[in-house]
Number of protein chains: 2
Amino acid sequence: MPPREDAVLSTMQDVPLTVTRILVHGTRVHGRSQITTWTGEAEPQRRSFAEAGTRAVRLANALRDDLGVREDDRVATLMWNNAEHVEAYLAVPSMGAVLHTLNLRLPAEQLTWIVDHAADRVIIVNGSLIPLLAPLLPHLRTVEHVVVSGPGDRAPLDGCSARVHEYEELIADKPATYDWPELDERRAAALCYTSGTTGDPKGVVYSHRSIYLHSMQVNMAQSMGLTDRDTSLVVVPQFHVNAWGLPHATFMTGVNMLMPDRFLQPAPLAEMIERERPTHAAAVPTIWQGLLGELTARPRDVSSLTQVTIGGSACPPALMQAFDRLGMRVCHAWGMTETSPLGTVARPPAYASGPDEEFAYRLTQGRFPAGVEARLTGPGGERLPWDGESAGELEVRGPWIAGAYYNGPDAEPLRPADKFSEDGWLKTGDVGTISPDGFLTLTDRAKDVIKSGGEWISSVDLENALMSHPDVAEAAVVAVPDDKWGERPLATVVLKEGSTADFESLRAFLAEEGKIAKWQLPERWTIVTAVPKTSVGKFDKKVLRRRYAAGELDVTSL
Amino acid sequence: MPPREDAVLSTMQDVPLTVTRILVHGTRVHGRSQITTWTGEAEPQRRSFAEAGTRAVRLANALRDDLGVREDDRVATLMWNNAEHVEAYLAVPSMGAVLHTLNLRLPAEQLTWIVDHAADRVIIVNGSLIPLLAPLLPHLRTVEHVVVSGPGDRAPLDGCSARVHEYEELIADKPATYDWPELDERRAAALCYTSGTTGDPKGVVYSHRSIYLHSMQVNMAQSMGLTDRDTSLVVVPQFHVNAWGLPHATFMTGVNMLMPDRFLQPAPLAEMIERERPTHAAAVPTIWQGLLGELTARPRDVSSLTQVTIGGSACPPALMQAFDRLGMRVCHAWGMTETSPLGTVARPPAYASGPDEEFAYRLTQGRFPAGVEARLTGPGGERLPWDGESAGELEVRGPWIAGAYYNGPDAEPLRPADKFSEDGWLKTGDVGTISPDGFLTLTDRAKDVIKSGGEWISSVDLENALMSHPDVAEAAVVAVPDDKWGERPLATVVLKEGSTADFESLRAFLAEEGKIAKWQLPERWTIVTAVPKTSVGKFDKKVLRRRYAAGELDVTSL
């Protein structure tokens, strides 16, 4: 309903929420906070927020005056986590241009496609990543400038068609002030592509508003809750959903940053924790698993680090307990590129009745904050209750959640029906349950769930149950077509060497009290020598489904 | 600059920041958090967020269906801090109407003027405040409905022209759902008048956006930083700048509320702290001074209460130290009705070098958060540096800061030039300094500062220095016209009984090393038997200036 003609007008100032505000505020008010970047040498690089902020201003001047960057131009980064990358995070959006973080783990072909799709005019690259960039450059049609920062052989760039600049030379003599444009808070600030497993990569365009609100959320006491007394070890890459929003959030409130640059191996991570004494860290579980091995082999004083935010995928309970014993409290968070990414944080509620219940809450993906509305959609499109039992696809809505994908500079945004609901919610592709008090537990990916007679069966639950059998080395479960039920599970099992287990005994094992409901037990079974895997080591269920469809699997029906 | 035609569009969802979102989220996700209201009886009233939120929905239904409240209508409250008042805080803005909190400390004439100016259609009143409301009702031309909540004799309302309803009866059978309107976040949500010392009261209209952002700010770790493990004792009245934003902020994140209702005397406050064990409290210094006396006379276990936010006026250092000794850490905050109110919070920075420097930081008004831009304007309108020494009038800008005053339902907002700069900043009327790291120290009110030859002299500094003289009982310093300097200070002194101090010796005392700069020393002196005071006990400098102008004071020139 539109407001009445005699509506009461708010008398509040209309001030936009912008990255510029974060830059100006952090530089001035938190000028003494530090960004420490690991160098692999005796001393790390130390830079105050005052210095980094001023260098960001110089960078904005250089980009505009020397490189001709205008508002809305895309400026890409191919960089590790370091102070210069933070400077780009602040400078590029503040001048009205769009920061495009490139994922250096992507195959060359995808990187080329993404740079081209975004029409990046500039790439800022770390010297150590020149070997990755140089072979791509001849194929990058829109890139006019390459700016190189940090150590690394420049020779591979010789003769490339783009103009090559040295970051430090470029910003050296530039003014320390910039007449920042007054930007609409809904303007584009940053661009990040998801490395989707199917189809072309999809770009998410964060706005100034979404980054500002997300930064506030990260800083709320119930989220990461950091202050200027904290130092955050930002292991999660800046090319991966803006390092979970930490660079902007920490610059907003003066939280010190400890940046590992390219030193992401367990030994240097352990060393930087011991020497620089961060209080907080953010990383995916695999990095943390490696760190645990290192700390077990060579114990170090890591007592400063009391809070570890883990996301990306679930942290195995045993890993969480191992870190608890080291005094590092792991806190799950869930999110994705499309959610900026903070979607949930797993802080147990005050009323958790003891260590076991606390731990159970910590194993969930976490609780939704006020800024993230959530709902579950069942197999038939129906809304499911928050009862901790009904599993459905998670859909979310909020001011830092994507409602579309970027479709190139001259095209309308994309809103594929499998990713966005008609009323504009993001379909996350994750399947799970929500407890009455708003804690999310994910059980499967929507594309892997088995839709059987209007109910959903979690492939992950079946796999975990199977893999707890002493004779099973690996097990993958996929949906296969079924005349009566629509879909039914196919169990694909790799037996341990010398095992003589048969399908009946495995099925009986699954049927044991409390493991798997009877109607979910697979009828179709097959033995394979290895489960096919994707390039990042996940089960490649597409391949299994294709082999089944082609009749290439030797399937037994029970 | 408008965006280019080929501007990159953000792909974020456009989701408004509304009080509705706070209501729905808190009710559902933090349903087990509690609002505890003191009753003066054996047991307080305990209500979960789930109950309070559901009752708020019922209230919205009742207001619309039984009382005919439409969007933009003003619904006033004349209430203490209690669960029902929180319900009104949530229900009224969510339905698109405007919550108008009435200050029950105002003189009857001002209250009448304010209700009339706001054109309130409904007043929700606590039974205990009926004796205050009933005599006004015949004069309130716009009020059609009075809703009474809680104990108190209803008889004085008999025969009044407004329809009288019982809160509990009104909401009893109403639906627990409401089809909330999708409100623009810039729509009016709440209205609060400042009890300005000069002229008519001025109304500030908070928007949904400003309340939502302010709630996030309150919840940030560097502000109050509360979580669902905390209980906040909300002593600051809900009729006073939305109780510093606490009801909305706590409902957003599940922080428990402890509400004192009308029991604001030191003894019941001490009792509720001992029995209900809040972790946080928010109050003005005078309340806390009284509590200290009570705890000294009758010690109690107040160990739960570790954080006390004090605002409204500066906390005397001795009071701060006394609370430190009790384990309650006082944290200064500065704000005003026009700033929602959170403007600064005095958390000492991590680099404060020891207890003395920490304490010095804590005595300032505090540090600006990213959402509050600040600047100092000198006597000639020039911008002053943040050097901790240059004193100027504080001007602020931000999304939860007023840019105008309400001017009644059918009129354009007011933007008086003495309150708002041409570029839209709020002139706070406070004079002070800002340190290079963004800490504000207030030294005077702009209207009391002495503008002498293009420089400012703080009346408060002179008064404090004078009152530290052993013979001085009270001292007030006001500006008087001066041909050469524009203005000069007039020192008005009340001597202690039997004192023989003369003006020369007082002047020499002020001139002692480090007290007052020589050029600031008053030439004009007068003895009075008492400094005139306002109704709230502050020095009434208007009266002094008038008496001086009328030649009623016996002034000596040195």
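The values are calculated or read from the model by the stated rules, or taken from the named source; none is laboratory data. Quick caveat, the model's predicted, so the values are computed rather than measured. Note: ideal-geometry Cβ built from the backbone for every residue, glycine included; neighbour counts use all protein chains shown. SASA here: full protein model, heavy atoms, side chains in, ligands and nucleic acids out. Shrake-Rupley method; radii C 1.70, N 1.55, O 1.52, S 1.80 Å.
For the stretch A:474-533, the list of GluC sites (Glu not before Pro) that fall in a loop by DSSP and count at most 13 other C-beta atoms within 10 angstrom reads A:497, A:512, A:513. A compact globular protein would have a Cα radius of gyration near 2.2 N^0.38 Å; the ratio found for the stretch B:19-342 is 0.95. Taking a ≥ b ≥ c as the square roots of the eigenvalues of the Cα gyration tensor, the stretch A:448-557 is classed as rounded, since a/c falls below 1.5.
Each other copy places its own label point for residue B:151 at 7.6 nm from this one, sorted shortest first, where the point lies 7 Å along the Cα-to-beta carbon line. Angle of helix B:83-94 to the longest C-alpha principal axis of chain B, folded into 0 to 90 degrees and rounded to 10: 80°. For the pair residue B:298 and residue A:264, a Förster radius of 41 Å applied to the C-beta separation gives a FRET efficiency near 0.10, rounded to the nearest 0.05. Kindly provide log₁₀ I(q)/I(0) values, in the same order as q = 0.07, 0.08, 0.10, 0.11 Å⁻¹, from the Debye equation applied to equal alpha-carbon scatterers of chain B. Those come out to -0.45, -0.58, -0.90, -1.08, one per q. Segment residue A:410..residue A:194, full-extension length gain: 75.8 nm, with 0.36 nm per residue of separation and the alpha-carbon distance subtracted. Label-point spacing at residue A:264 relative to the other copies reads 5.7 nm, in ascending order, each point sitting 7 Å out from Cα along Cα→Cβ. Angle of helix A:49-65 to the longest C-alpha principal axis of chain A, folded into 0 to 90 degrees and rounded to 10: 80°.
Taking the Cα centre of the stretch A:371-446 as reference, the dipole from Cβ charges on Lys and Arg (+1) and Asp and Glu (-1) amounts to some 120 debye. Relative to its residue count, the stretch B:454-507 spans a Cα convex hull of 78 Å³ per residue. Taken one residue at a time, the phi angles of the stretch B:509-522 give Karplus couplings (6.51, -1.76, 1.60, θ = phi - 60°) of 4, 5, 7, 4, 2, x, 6, 9, 4, 4, 5, 8, 5, x Hz. Gly and Pro are set to x. For the stretch B:88-181, which GluC sites (Glu not before Pro) are in a loop by DSSP, counting at most 14 other Cβ atoms within 10 Å? Within the stretch B:88-181, no GluC sites (Glu not before Pro) qualify (loop, at most 14 other Cβ atoms within 10 Å). Where Rh is the Kirkwood radius over the Cα pairs of the stretch A:217-280, the temperature 10 °C and the viscosity 1.306 mPa s, what D in µm²/s does Stokes-Einstein return? Rounded, D is 131 µm²/s. The separation of the stretch B:180-228 from the stretch A:1-73, counted between C-alpha centres, amounts to 25 Å.
Note on chain A: antiparallel DSSP beta bridges, both residues inside, total approximately 55 percent of the bridges counted.
For the pair residue B:32 and residue B:65, label points projected 7 Å from Cα toward Cβ lie 3.2 nm apart.
Overall, the anisotropy analysis places the stretch B:350-453 in the prolate class: the square-rooted eigenvalues a ≥ b ≥ c of its C-alpha gyration tensor yield a/c not less than 1.5, with a/b exceeding b/c.
With both partners inside the stretch B:19-342, how many of the DSSP beta bridges are antiparallel, as a percent to the nearest 5?
On the way: 11 of 47 bridges.
Around 25 percent of the beta bridges assigned by DSSP in the stretch B:19-342 are antiparallel ones.
Quick one: go through the stretch B:55-92 and flag any residue whose amide nitrogen is under 19 Å from the point 7 Å out along the Cα-to-Cβ line of residue B:108. Output list for this probe position: B:78-79. Note on residue A:177 and residue A:484: their simple-model spin labels are 8.0 nm apart, each label 7 Å out from Cα toward Cβ. Tally Lys/Arg at +1 and Asp/Glu at -1 over every other residue whose Cβ is under 15 Å from the Cβ of residue A:532; what's the total? Net local charge, residue A:532 excluded: +2.
Copy-to-copy label distances for residue B:296, where each label lies 7 Å from Cα along Cα-to-Cβ, are 6.0 nm in order of increasing length. Which part of the stretch B:471-497 falls in the paramagnetic zone of residue B:558, meaning amide N under 19 Å from the point 7 Å along Cα-to-beta-carbon? What the label zone holds, given the 19 Å backbone N cut-off, is B:471-482, B:485, B:487-496.
What you get for the stretch B:19-342, charging only the Cβ of Lys and Arg (+1) and of Asp and Glu (-1), is a dipole of about 700 debye around the Cα centre. In summary, the lysines within cross-link reach of residue B:542, defined as a Cα separation below 25 angstrom excluding same-chain residues under 8 places away, comprise B:202, B:419, B:427, B:447, B:451, B:484, B:496, B:533.
Calculate for chain B the 222 nm mean residue ellipticity that helices alone would give, adding -39,500 (n - 2.57) per DSSP H run of length 4 or more and normalising by residue count, nearest 500 deg cm²/dmol. Could you put the intermediate results ahead of the total?
Working: 16 runs with 154 residues, N = 558.
One gets -8000 deg cm²/dmol as the mean residue ellipticity at 222 nm.
Which order do A:538, A:484 take by accessible area at a 1.4 Å probe, largest first? Mind dumping the intermediate values first?
Working: A:538 135, A:484 160 Å².
Reading off the accessible areas and sorting them downward yields A:484, A:538.
Think of a 1.4 Å ball rolled over the protein heavy atoms: the protein assembly as shown then has 38 Å² of accessible area per residue. Potential lengthening of the chain between residue A:326 and residue A:549 amounts to 75.4 nm, from the contour at 0.36 nm per residue minus the alpha-carbon distance.
Using only the Cα atoms of the protein assembly as shown, construct the convex hull and provide its projected area averaged over every direction, in square nanometres to one decimal.
Numbers: hull surface 201.6 nm².
If you wrap the Cα atoms of the protein assembly as shown in a convex hull and average its projections, you get 50.4 nm².
Can you tell me, using C-alpha contacts under 8 Å and at least 6 residues apart, the relative contact order of the stretch A:416-478 as a whole percent? Each step should come with its number before you reach the end.
Details: 66 pairs, mean separation 12.1, N = 63.
For the stretch A:416-478, the relative contact order is 19 percent.
Simple spin-label estimate for residue A:455 and residue A:350 gives 3.9 nm between the two label positions (7 Å along the Cα-to-Cβ direction from each Cα). For residue A:504 and residue A:229, the FRET efficiency from 1/(1 + (r/R0)^6), where r spans their Cβ atoms and R0 equals 41 Å, is about 0.10. Could you calculate the FRET efficiency of residue B:422 with residue A:46 from 1/(1 + (r/R0)^6), where r is the beta carbon distance between them and R0 is 51 Å, rounded to 0.05? Calculated transfer efficiency: 0.75. Using the alpha-carbon atoms, what tilt in degrees (0 to 90, nearest 10) does helix A:208-219 show relative to the longest principal axis of chain A? The answer is roughly 70 degrees.
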